[in-house]
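Just below is one structure, and these are the notes that go with it.
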Amino acid sequence: MRYRRFQRRKFCKFCASKIDFIDYKDIKTLRHYLTDKGKIVAGRMTGNCTKHQKELTRAIKRARNIAILPFVEK
């Protein structure tokens with residue numbers, strides 16, 4: 001017999017707080033979506049919707065290009 005574990009449904013934090021634009025200068029928010037090595041965390045792990053995950057990725061890449069965020073954590 002297989003048991004089903006209850007798993008909480010993930011939700012998009014940006015949709016819940018009604019944020020329509022993710023700012024690339026908001027480092028505190030962007031760092032939350034990076035791993036220890038500096039990789040961008042996937043949307044299925046964070047629970048972000050497709051629209052906001054794409055905006056988040058674009059914001060992180062912009063911040064990296066103008067040297068606000070590092071490409072690799074050491």
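The values are calculated or read from the model by the stated rules, or taken from the named source; none is laboratory data. A quick note: this is a predicted structure, and the numbers were derived from the prediction, not measured. Cβ: placed from backbone, ideal geometry, glycine included. Neighbour counts: every protein chain shown.
List of remarks:
Every residue, every condition in (1) part of a helix (DSSP H, G or I); (2) at pLDDT 95 or above; (3) surrounded by 10 or more Cβ atoms within 10 Å (Cβ to Cβ); (4) of a type in the set (S, T, N, Q), yes or no:
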residue: MET1; (1), (2), (3), (4): no, no, no, no
residue: GLN7; (1), (2), (3), (4): no, no, no, yes
residue: PHE11; (1), (2), (3), (4): no, no, yes, no
residue: ILE19; (1), (2), (3), (4): no, no, yes, no
residue: THR29; (1), (2), (3), (4): yes, no, yes, yes
residue: ARG44; (1), (2), (3), (4): yes, no, no, no
residue: GLN53; (1), (2), (3), (4): yes, yes, yes, yes
residue: ILE68; (1), (2), (3), (4): no, no, yes, no
residue: VAL72; (1), (2), (3), (4): no, no, no, no
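- When the criteria are applied in full, LYS37 meets the requirement of being assigned to a loop (DSSP other than H, G, I, E, B), exposed (fewer than 14 other Cβ atoms within 10 Å of the Cβ) and either at pLDDT below 90 or not hydrophobic (A, V, I, L, M, F, W, C) (or both).
- Flag if ILE60 is part of a helix (DSSP H, G or I), touching a residue at least 12 places away in the same chain (Cβ under 8 Å), of a type in the set (Val, Ile, Thr) and over 19 Å from PHE11 (Cβ atoms): yes
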